[in-house]
Amino acid sequence: MFGKVSKILAVTAVSTMLAVGTAVAAPIVIKFSHVVAENTPKGQAANKFRDLVAERLGDKVVVEVFPSSQLFGDDAVLEAMLLGDVQIAAPSLSKFSRYTKSLQIFDLPFLFKDMAAAEKFQQSDAGQKLLNSMASKGLLGLGYIHNGLKQLSASKPLKVPADAKGLKFRIQASDVLAAQFQALGAVPLKKPFSEVFTLLQTKAIDGQENTWSNIYSQKFFEVQPYITESNHGLIDYLVVTSAEFWNGLPDDIRPVVKKSLDEAIAFGNTVAAQKAEGDKQRIIDSKRSEIIQLTPEERAQWVETMKPVWKEFEAEIGKELIDAAYAANN
Ligand code: SIN
């Protein structure tokens, strides 16, 4: 009798231990923070990543996506990542200069003639090497997501560079972009993305530069009567994580997370191509903004005025890297 009771107790103890063991195996949580709306290339890529990881890793890994600067703005997200408060982010390539000067290459005006050239450079050896340009700071690049080429919007028509003289433009936190607007005789102001609509609406600034997708999803076109189709620069993203988090992932999990991310990036890039055209058309259809097309002669004036910025940043970025990026246009 006594033996039977102890057997029952022993079985109960083992089941309890197993149950407790199962309960403590909590899923790894990956917080993915970004600043744009969900209906953008980056927003769509982040959601796709969340869904693919859920499908493949079930309850072992959970991706939580925080869009629209809900968790962190781009000014704070990298510090938060190094503190372990967020695991993945994808700031625009213009927002890394505190960590590396090399990525400033992507801000040089008129560097890429189209998105195919940007893609070619990003996938080249030189472009892939840039993913590791912040390794000494504890940050790892996992891939690039496209958004598109930038357009100039303003409270007055901008046909030639002289039209921008004296106007205040919001820029991302980039010294190259500051130099670009100074070359126009304009006043650049570094401001967070989340503030741009209000700054434009209240006329605290006169203009800004952004992609069709961002101009549409943030409703900038509702408060900017003119958009010049300048295609003068690039907004793409670096998907970034902390080396400590990434290297700490279990060896059987990391490749599945990476594969899911690569597929999500490819999906986001397809969305980017569609949105560049679709959102431009939606803005035209809204009739809220007049779209200004440049003649080849007018465009040549913008190139001539902005391109000296390349020389200004050549020492920081490296001439070889600039040459490699420019060669991607061929
Ligand atoms: C983004 O697309 O993530 C933001 C770009 C900007 O700050 O203008």
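Would you mention how many residues in the range 227-246 are within 15 Å of the ligand (Cβ to nearest atom) and part of a strand (DSSP E or B)?
Looking only at that region, the number is 8.
Do we find a residue being in contact with a strand residue (DSSP E or B) (Cβ under 7 Å, 6 or more places away or on another chain), open to solvent by 10 Å² or more (accessible area, probe 1.4 Å), more than 16 Å from the ligand (Cβ to nearest atom) and farther than 25 Å from A80 by Cβ anywhere in the range 129-149?
No: zero hits.
Condition first: over 25 Å from the mean Cα position of the chain (by Cα) and surrounded by 13 or more Cβ atoms within 10 Å (Cβ to Cβ). Now tell me which residues in the range 304-320 satisfy that.
T305
Which members of the range 53-81 meet the condition of being touching a Lys or Arg at 6+ places or on another chain (Cβ under 8 Å), under 14 Å from V239 (Cβ atoms) and more than 13 Å from the ligand (Cβ to nearest atom)?
Hits for the range 53-81 are V63, V65, L78.
Of everything in the range 239-254, what is open to solvent by less than 30 Å² (accessible area, probe 1.4 Å) and among the hydrophobic types (A, V, I, L, M, F, W, C)? Give them in sequence order.
Step one: list which residues in the range 239-254 are open to solvent by less than 30 Å² (accessible area, probe 1.4 Å), which gives 239-243, 246, 249, 253.
Matches in the range 239-254: V239, V240, A243, W246, L249, I253.
Can you tell which of D279, D236, D323, D285 is of a type in the set (D, E), open to solvent by less than 30 Å² (accessible area, probe 1.4 Å) and over 30 Å from V86 (Cα atoms)? First the steps, then the outcome.
Working: D236 fails: over 30 Å from V86 (Cα atoms); D323 fails: open to solvent by less than 30 Å² (accessible area, probe 1.4 Å); D285 fails: open to solvent by less than 30 Å² (accessible area, probe 1.4 Å).
Answer to the check: D279.
Restricting to the range 84-102, and then to whatever is assigned to a loop (DSSP other than H, G, I, E, B) and within 14 Å of the ligand (Cβ to nearest atom), can you tell me which residue is farthest from Y237 (Cα to Cα)?
So the first thing to find is which residues in the range 84-102 are assigned to a loop (DSSP other than H, G, I, E, B), and the list is 84-87, 90-91, 96-101.
Pick out the ones that are also within 14 Å of the ligand (Cβ to nearest atom) and you get 90-91, 96-97.
On the way: A90: 5, P91: 6, F96: 10, S97: 14 Å.
Among those that are assigned to a loop (DSSP other than H, G, I, E, B) and within 14 Å of the ligand (Cβ to nearest atom), it is S97.
From the set of residues in the range 163-208 that are assigned to a helix (DSSP H, G or I) and open to solvent by less than 10 Å² (accessible area, probe 1.4 Å), which is nearest to the ligand (Cβ to nearest atom)? First the steps, then the outcome.
The first filter runs over the range 163-208 and keeps only residues assigned to a helix (DSSP H, G or I), leaving 163-164, 175-183, 193-201.
Now restrict to residues that are open to solvent by less than 10 Å² (accessible area, probe 1.4 Å): 164, 176-177, 179-181, 196, 200.
On the way: A164: 18, V176: 14, L177: 10, A179: 17, Q180: 14, F181: 14, V196: 7, L200: 12 Å.
Looking at the filtered set, the residue picked out is V196.
The values are calculated or read from the model by the stated rules, or taken from the named source; none is laboratory data. Just so we're clear, the structure is a prediction, and the values are computed from it rather than from any experiment. Neighbour counts are summed over all protein chains in view; Cβ atoms, including those assigned to glycine, are modelled from backbone coordinates with ideal geometry. With ligands, DNA and RNA removed, areas are computed over all heavy atoms of the protein, side chains included. Shrake-Rupley method; radii C 1.70, N 1.55, O 1.52, S 1.80 Å.
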